[in-house]
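J.: Here it is, the structure in full.
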Amino acid sequence: MIVTVTLNAALDVTYEVEALVPHGSHRVTKVLRKRAGGKGVNVARVLAALGHPTLVTGFAGGPTGRVIRDDLRAAGLRDALVPVDGDSRRTVTVVSRRDGDATVFNEPGVQVSPTEWDDFADRFPRLVRDAQVVVLSGSLPPGLPSDAYAELIRTSHAAGAATVLDTSGPALLDALSAGPTIVKPNADELVEVTGRTDVARAAAELRGHGARAVVTSRGPDGLLAVTRAGHWRAVPPERLSGNPTGAGDACVAALAAGLAGGRPWEALLREAVALSAAAVPCPVAGDFDAGVLHRFRTRVHVEKLSAAHAC
């Protein structure tokens, strides 16, 4: 089983407009989707579509939280979301019909009290005791300590589970001391937390602070992995147009599935690039195009690099 943690779960609303024009007024041509979201929920959707048993946990509260739980149930996703007093957040994605570009508006999230956090931390060991992999994704809601992910990573490792961490800023830096199995930032997030513009050197710095492996997503240029076993670059065979907002979550899903299946790095990265690319043609995060996945799986180029070459 793979457990996905979404401490800042949301109700994702996706609008389609003819074209997104700054400072303009827009008529929504279609409401593409209203459904449970947040990065870990999107990861769980991808994993479930690939046939992996999953459990979704995190926080949910108020009327929006009830909609989130109802949608998870309708999608066949098992949840162990912990209730909070406030109302869960919404995110709004606006997709342009003209060019497929997407603009995302993220609410900050519900305030979590110290008592609510303690309740979640007390439940968490039971939730992960049968997990092979625990995925921890997204921002921390207001009220949580910046080392919240570090605590959950230590608990997961104590239960024998590998971990995949996908977050940014202080939440990322403060989690590294717990030794996450894989950290999956994008290139901009690496620059933000290290101040380095060289992706490989920045990833190596995160490893120096405790991450066992760092897999950096570089958009259409694929992935760079810096691990104990070496450095790899994985590049898609072609560029696709569409909505890239779900690509990172699809990548995390592939990394988690690869860890659960004990795949070697070359195979794991090949699948991660293919699945990321397969998410791009889809207007809603958490979906992927099975035809693209099948087509790309055998065509992704994976190259092992020397440390000097990677830098």
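J.: Mind listing whichever residues of the range 172-199 are open to solvent by 40 Å² or more (accessible area, probe 1.4 Å), within 26 Å of residue 220 (Cβ to Cβ) and assigned to a loop (DSSP other than H, G, I, E, B)?
T.: 195, 196, 197, 198
J.: Taking residue 48 as the residue in question, decide whether it is outside any helix (DSSP H, G or I), among the small types (Gly, Ala, Ser) and free of Cβ contacts under 8 Å to residues at least 60 places away in the same chain. Break it down into steps so the answer makes sense when it comes.
T.: Details: outside any helix (DSSP H, G or I): no; among the small types (Gly, Ala, Ser): yes; free of Cβ contacts under 8 Å to residues at least 60 places away in the same chain: yes.
No: the conditions fail for residue 48.
J.: Being surrounded by fewer than 19 Cβ atoms within 10 Å (Cβ to Cβ), part of a loop (DSSP other than H, G, I, E, B) and in contact with a Cys (Cβ under 9 Å, 6 or more places away or on another chain), is that true of even one residue in the range 216-228?
T.: no
J.: With the requirement that a residue be farther than 16 Å from residue 165 by Cβ and polar (S, T, N, Q), what does the range 210-245 give you?
T.: First, the residues of the range 210-245 that are farther than 16 Å from residue 165 by Cβ: 218-222, 224, 228-245.
Passing the criteria: 241, 243, 245.
J.: Right, here's the next one. Please go through (1) assigned to a helix (DSSP H, G or I); (2) open to solvent by less than 10 Å² (accessible area, probe 1.4 Å); (3) modelled with pLDDT of 95 or more; (4) touching an Asp or Glu at 6+ places or on another chain (Cβ under 9 Å) for residue 257 and return the number of the only condition it doesn't satisfy.
T.: Every condition holds for residue 257 apart from (2).
J.: Same structure, new question: Residue check: is residue 233 of a type in the set (Lys, Arg) and either touching a His at 6+ places or on another chain (Cβ under 6 Å) or at pLDDT 95 or above (or both)? Quick ask: steps written out before the conclusion?
T.: Working: of a type in the set (Lys, Arg): yes; either touching a His at 6+ places or on another chain (Cβ under 6 Å) or at pLDDT 95 or above (or both): yes.
In short, yes.
J.: Okay, moving on. Against the conditions (1) open to solvent by 20 Å² or more (accessible area, probe 1.4 Å); (2) out of contact with any strand residue (DSSP E or B) (no Cβ under 9 Å at 6 or more places or on another chain); (3) at pLDDT below 95, where does residue 262 fall short? Just the number, please.
T.: Going through (1) open to solvent by 20 Å² or more (accessible area, probe 1.4 Å); (2) out of contact with any strand residue (DSSP E or B) (no Cβ under 9 Å at 6 or more places or on another chain); (3) at pLDDT below 95 one by one, residue 262 breaks only (3).
J.: Something else: Condition first: open to solvent by 30 Å² or more (accessible area, probe 1.4 Å), closer than 22 Å to residue 248 by Cα and part of a strand (DSSP E or B). Can you find one or more residues in the range 18-33 that meet it? Full working, then the answer.
T.: From the range 18-33, those open to solvent by 30 Å² or more (accessible area, probe 1.4 Å) are 18, 20-33; that's our starting set.
After this cut, where a residue has to be closer than 22 Å to residue 248 by Cα as well, the list is 32-33.
Subset that is part of a strand (DSSP E or B): 32-33.
Scanning the range 18-33, I find at least one residue that is open to solvent by 30 Å² or more (accessible area, probe 1.4 Å), closer than 22 Å to residue 248 by Cα and part of a strand (DSSP E or B), so the answer is yes.
J.: Same structure again: Restricting to the range 146-171, name every residue that is out of contact with any Pro (no Cβ under 6 Å at 6 or more places or on another chain), surrounded by 20 or more Cβ atoms within 10 Å (Cβ to Cβ) and either assigned to a loop (DSSP other than H, G, I, E, B) or not hydrophobic (A, V, I, L, M, F, W, C) (or both). Lay out the reasoning, then the answer.
T.: In the first step, residues of the range 146-171 are kept if they are out of contact with any Pro (no Cβ under 6 Å at 6 or more places or on another chain); the result is 147-152, 154, 156-162, 164, 166-171.
Then keep just the ones that are surrounded by 20 or more Cβ atoms within 10 Å (Cβ to Cβ); that gives 148-150, 152, 156, 161-162, 164, 166-167, 171.
The answer is 149, 156, 161, 166, 167.
J.: For the range 88-100, name all the residues that are in contact with a strand residue (DSSP E or B) (Cβ under 8 Å, 6 or more places away or on another chain), surrounded by fewer than 16 Cβ atoms within 10 Å (Cβ to Cβ) and outside any strand (DSSP E or B). Even if it seems obvious, please write down each step before you answer.
T.: Narrowing the range 88-100 to residues in contact with a strand residue (DSSP E or B) (Cβ under 8 Å, 6 or more places away or on another chain): 88-97.
Okay, now just the ones that are also surrounded by fewer than 16 Cβ atoms within 10 Å (Cβ to Cβ), so 92, 97.
Of everything in the range 88-100, just one residue is in contact with a strand residue (DSSP E or B) (Cβ under 8 Å, 6 or more places away or on another chain), surrounded by fewer than 16 Cβ atoms within 10 Å (Cβ to Cβ) and outside any strand (DSSP E or B), namely 97.
J.: Give the residues of the range 61-70 that are open to solvent by 10 Å² or more (accessible area, probe 1.4 Å) and either assigned to a strand (DSSP E or B) or without any contact (Cβ under 8 Å) to a residue 40 or more places away in the chain (or both), sorted by residue number.
T.: 63, 66, 69, 70
J.: Consider residue 143 against the criteria (1) surrounded by 15 or more Cβ atoms within 10 Å (Cβ to Cβ); (2) within 20 Å of the chain's Cα centre (by Cα): it satisfies all of them except one. Which criterion is unmet?
T.: Status for residue 143: all satisfied but (2).
J.: If only one of 8, 106 is open to solvent by 70 Å² or more (accessible area, probe 1.4 Å) and either within 22 Å of residue 171 (Cβ to Cβ) or among the hydroxyl-bearing types (Ser, Thr, Tyr) (or both), which one is it?
T.: On the way: 8 fails: open to solvent by 70 Å² or more (accessible area, probe 1.4 Å).
When all the criteria are applied, what remains is 106.
The values are calculated or read from the model by the stated rules, or taken from the named source; none is laboratory data. Note that the structure is a prediction, hence the values are computed from the model and not measured. Ideal geometry is used to build each Cβ from the backbone, glycine not excepted, and the neighbour counts take in all protein chains shown. SASA here: full protein model, heavy atoms, side chains in, ligands and nucleic acids out. Shrake-Rupley method; radii C 1.70, N 1.55, O 1.52, S 1.80 Å.
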